[in-house]
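What follows is a short report on a single structure.
The values are calculated or read from the model by the stated rules, or taken from the named source; none is laboratory data. Remember, it's a predicted structure, so these values are computed and weren't measured experimentally. Here the Cβ positions follow ideal geometry from the backbone for every residue, glycine too, while neighbour counts run over all protein chains shown.
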Amino acid sequence: MQVAEKSETLEILLLGKYEEIAREEARILLAEIVNKLDEEFLCWDIKKMAEKCCLSVSSVRRYITNDKRMKLLEKKPNGGKAIWPVEQARETILEIVSEW
């Protein structure tokens with residue numbers, strides 16, 4: 001085998017190994033992203049909101065979800081339970097609580 005052929009063979013082997021490592025790293029990164037998304041909620045229901053605010057459900061209803069700003073964020077499908085988008089709800093709750 002000549003030097004050029006050995007070099008080409010080595011390059012092919014290294015490239016294959018590089019692609020294998022890159023695929024594995026991409027798989028690990030994707031798994032981490034999926035796990036992070038599973039941890040994060042897109043919306044809160046009233047129970048999750050009470051948990052995050054360290055308040056009872058009745059206090060959240062009385063002091064937070066009855067606020068007109070939260071009413072604007074509320075999503076409620078026909079016959080379904082009310083939910084609030086997390087990011088907007090978090091900001092609005094901080095505004096409401098800062099006024100107490």
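Of all residue pairs spaced 6 or more apart or on separate chains, those with beta-carbon atoms under 7 Å, a first member in the range 79-100 that is outside any helix (DSSP H, G or I) and a second member that is at pLDDT below 90 and basic (Lys, Arg) are Ala82/Lys76. Figure legend. Inter-residue proximity from the range 51-75: first residues closer than 13 Å to Ala89 by Cα and in contact (Cβ under 8 Å) with a residue 24 or more places away in the chain, second residues exposed (fewer than 14 other Cβ atoms within 10 Å of the Cβ) and among the aliphatic types (A, V, I, L, M), beta-carbon distance below 9 Å, spacing 6+ or different chains. Indicated pairs: Cys53/Val97; Ile64/Val97.
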